[in-house]
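Peer 1: Just passing along the structure, written as structure tokens.
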Amino acid sequence: MEEADRNTLSRAKPISPATVKQVIGLLRQMLDDAMPQHITTNPVAALKKRVQNATKRRARDATVEPWTYLEPDEQHRIRTSDAIPEADRLSILFALLTGLRQGEQFNLELADLRLDADAPHVVVRFGSKNQPPKNGKIRRVYLSADAVDICRRWLALLPTYAPHNPEALVFPGARGGRVSKGKTPLIRSEMVTLPTGRRKQKKVDLFDRHLAAAGVTRPVRWHDLRHSCASSLVAGWWGRRWTLEEVRQHLGHTSSPRRTATPT
């Protein structure tokens, strides 16, 4: 019987999003009907919003190119945009110029920022709190002169930006804690006014807002800053053209990156 069940499951087709939505709706209605006599809350009620959000994400993702990089003129607009607060702009530029993964950047410790070495670099030890990077290996990422300048300006700003930094992070949150990993590290809470006139706290993605302020209106994800670094190095936009092997080592890939800008 167990073997038959496994065979049946192995041949089963994936359940469509529409079917999932219908089943959840039916279950929610059944539990709503049971509430007056048997239960005090409907445990499925909160799923409605999650299903709606997932449906919107699928619709958006179906029309958005999932992989991209910033062109040189877009990079320049971000570098020079006074509309982006300096702290956020420096964080974005560090990600762009180093190609560090989001988790690597926001778990980087001050002791691993080696700006005064003969060859300035950062030591990437962590991909999340107390956990190694994605490939499981510590690596050195050497810094360009531009990246060193960005780091020095950030270090000058850091005591004001995050006066309390108990974990000695290079990029702590403004309150001194570790930045949560998500789609973008620039998620902040803002007070917004609802159509009813009521005010409430809402989480806002400032990364998209900052890009728009710099004139970059197409969809670009935080992780695309890493792609932009690789593409810029291979294309020679920041100086000499790097080989794919050099870029692989710089990014901490186990194999050479396959999607970069074509050198011209």
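Each reported figure results from applying straightforward, stated rules to the coordinates on display, with no laboratory input. Not measured: the values here are computed from a predicted model. Quick reminder, even Gly has a Cβ in these numbers, built from the backbone with ideal geometry, and neighbours come from all protein chains shown.
Peer 1: Once label points are set 7 Å from the Cα along Cα→Cβ at both T243 and E109, what is their separation, rounded to one decimal in nm?
Peer 2: 3.4
Peer 1: Also: Once the Cβ-Cβ distance between A145 and T41 is put in as r, and R0 is 35 Å, what FRET efficiency do you end up with, to the nearest 0.05?
Peer 2: That pair, A145 with T41, gives E of 0.05.
Peer 1: Return the Cα extents of region 115-195 along principal axes one, two and three, sorted largest first, each rounded to a whole Å.
Peer 2: Largest to smallest, the principal-axis extents are 56, 30, 24 Å.
Peer 1: Checking the table K137/K202; K129/K202; K134/K202; K137/K181; K181/K202 against a 28 Å threshold on Cα-Cα, which pairs fail?
Peer 2: Correct reply: K137/K202; K134/K202.
Peer 1: Another question, then. May I ask you to derive the FRET efficiency for I138 and K183 from their Cβ-Cβ distance with R0 = 35 Å, giving the value to the nearest 0.05?
Peer 2: 0.85
Peer 1: Also: How many nm separate the modelled label positions at R175 and L27, each set 7 Å beyond the Cα in the direction of the Cβ?
Peer 2: 3.3
Peer 1: Over the residues of region 128-264, compute the C-alpha Rg and express it relative to 2.2 N^0.38 Å.
Peer 2: In units of the globular-protein estimate, region 128-264 measures up at 1.29.
Peer 1: Need the full-extension length gain, T160 to R199, defined as separation in residues times 0.36 nm minus the C-alpha distance. One decimal, nm.
Peer 2: That pair, T160 and R199, stretches by 11.1 nm at full extension.
Peer 1: Out of L108, G182, S228, whose Cα points farthest toward the positive end of the dipole of region 72-251 (charges: +1 Lys, Arg; -1 Asp, Glu; placed on Cβ)?
Peer 2: G182
Peer 1: Please compute the Kirkwood hydrodynamic radius over region 73-132, one decimal place, Å, based on all pairs of different Cα atoms.
Peer 2: For region 73-132, the Kirkwood estimate is 12.8 Å.
Peer 1: Could you check the simple spin-label distance between D82 and Q131, using points 7 Å along Cα→Cβ, in nm with one decimal?
Peer 2: Placing both labels 7 Å beyond Cα along the Cβ direction yields 4.3 nm.
Peer 1: Let me ask you something else. Under 5 Å between amide H atoms, partner at least 5 residues away or on a different chain: which partners does R139 have, H built in plane at 1.01 Å?
Peer 2: V124
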